[in-house]
Amino acid sequence: MQEFLEIGQIVNTFGIKGMVKIKPFTDDITRFDDLKKVYVETKKNKKQYEIEEVKYHKDMVLIKFKGIDKIEDAELLRNSYLKVDRKDEPELEEGTYYIVDLLGLDVYSDEGNLLGKLDDIFNNGSTDIYVVKDELGKQLLLPAISDVIKEINLEEKKIVVHILKGLI
């Protein structure tokens, strides 16, 4: 399992006093209210920053880091990723998983057929969609509902699904 979890990407600056605009990678964007520090990972390095202030604008998070006081400093962080240490995160509820832990798992039908690997997960507004890719690159889109996703087993690195009529 990965030691650090990506929780967002710095997509732009905001204002002239060093604030950055973040696209969150989380279901609950208010989780940023509880953060005291994050790691900012650029192409060259990963550095820890203390959070001074958090605001929200539409579906974006605005953060002011301690020591980043000018737009020029904030501009250097653009396109970087925000990460948190997994050990600092609260325990997930039963049946809830980090996406990073699911990607790459083998996906089997409930009949025992290997369908491929979980390649991506995205939300279509009403539910998550699991993108399963086979060895030929063909994609299968599965809604993440209890009628379809029957079992997720991180230890065995597999997901068991039931293919509803019309999905294939």
statement: Of the listed residues (D147, D119), the one being free of Cβ contacts under 8 Å to residues at least 60 places away in the same chain, within 30 Å of F4 (Cβ to Cβ) and among the charged types (D, E, K, R) is D119
message: Please go through the range 131-152 and give me each residue that is at pLDDT 95 or above and either under 14 Å from I99 (Cα atoms) or touching a helix residue (DSSP H, G or I) at 6+ places or on another chain (Cβ under 9 Å) (or both), ordered by number.
response: V131, V132, I152
query: Could we say that S80 is among the hydroxyl-bearing types (S, T, Y) and over 19 Å from the mean Cα position of the chain (by Cα) here?
result: no
task: Using the structure shown, decide if T26 is modelled with pLDDT under 95, β-branched (V, I, T) and in a loop (DSSP other than H, G, I, E, B).
output: yes
query: What number of residues in the range 67-91 are closer than 11 Å to I22 by Cα and surrounded by 16 or more Cβ atoms within 10 Å (Cβ to Cβ)?
result: 4
task: Kindly establish whether V20 is surrounded by 11 or more Cβ atoms within 10 Å (Cβ to Cβ) and assigned to a strand (DSSP E or B).
output: yes
statement: Screening K43, K58, K64 for residues that are of a type in the set (K, R), surrounded by 14 or more Cβ atoms within 10 Å (Cβ to Cβ) and more than 18 Å from the chain's Cα centre (by Cα) leaves only K64
- prompt: Can you tell me which of L105, L114 is in contact (Cβ under 8 Å) with a residue 40 or more places away in the chain, surrounded by 10 or more Cβ atoms within 10 Å (Cβ to Cβ) and out of contact with any Gly (no Cβ under 7 Å at 6 or more places or on another chain)?
  reply: L105
Filter result for the condition that a residue is touching a Lys or Arg at 6+ places or on another chain (Cβ under 6 Å) and among the small types (G, A, S), over G125, G116, G95, G137: G116
- prompt: Restricting the first residue to the range 73-89 and requiring it to be within 10 Å of Q9 (Cα to Cα), which pairs with a second residue that is among the small types (G, A, S) meet a Cβ separation below 8 Å and a spacing of at least six or different chains?
  reply: Y81/G8; L82/G8
query: Do we find that L114 is modelled with pLDDT under 95, closer than 27 Å to G137 by Cα, not basic (K, R) and not assigned by TED's automatic domain parsing to the domain that holds E52 in this structure?
result: no
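The values are calculated or read from the model by the stated rules, or taken from the named source; none is laboratory data. These figures come from a predicted structure and were not determined experimentally. We place every Cβ from the backbone using ideal geometry, glycine too, and count neighbours over all the protein chains shown.
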